[in-house]
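Here the structure comes first, spelled out in structure tokens, and everything after it is commentary.
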Ligand SMILES: [Zn+2]
Ligand SMILES: [Zn+2]
């Protein structure tokens with residue numbers, strides 16, 4: 001009789017209830033583990049919420065864009081939205097292949113508008129004939145062989161070593177002349 005005034009339920013039930021709610025909280029915490037805050041919905045739900053299905057057939061990305069391409073946080077990392085769509089709706093993208101937009105719209109994430117191509121093919125398919133010319137040229141404007149290569153991001157940029165050297169020399173000469181005129185005065 002005394003226990004009922006101190007405990008609304010008897011100690012055994014109380015202990016069991018505490019254990020149950022503790023277990024519920026713990027299991028919830030564990031299921032949320034590894035998922036960033038606010039990502040309670042599976043990635044495919046969040047992905048299609050960010051897609052604007054256009055009458056023309058393009059699926060325009062309404063989320064964050066980088067250089068015209070959509071970016072998507074799949075819960076683990078930030079990925080390119082069109083690649084996510086291709087990998088989840090069509091299949092794996094081999095390392096050597098790139099995804100090319102046949103509709104020429106970078107923000108489109110419709111895998112029907114994409115095709116896997118090699119990097120070289122992708123450059124050749126560039127929109128303007130000028131970029132095609134740029135990719136295939138072998139000599140610089142002054143007729144030297146394009147023998148230098150440097151990397152900018154994942155791009156391979158070719159340049160003429162001869163012209164580069166001459167430009168550097170010219171720059172140095174200009175600086176020297178400038179210094180001389182200053183010292184004379
Ligand atoms: Zn498209
Ligand atoms: Zn040159």
So, restricting to strands (runs of 3 or more DSSP E) that lie completely within the range 61-162, which ones have at least 2 residues that are within 16 Å of ligand 2 (Cβ to nearest atom), in contact with a helix residue (DSSP H, G or I) (Cβ under 9 Å, 6 or more places away or on another chain) and modelled with pLDDT of 85 or more? none
Could you go through the range 122-145 and let me know if any residue there is under 15 Å from the mean Cα position of the chain (by Cα) and more than 30 Å from residue 165 (Cα to Cα). no
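The values are calculated or read from the model by the stated rules, or taken from the named source; none is laboratory data. Values in this document were obtained by computation on a predicted structure and should not be read as measured data. So basically every Cβ, Gly included, is an ideal-geometry build from the backbone, and we count neighbours across all protein chains shown.
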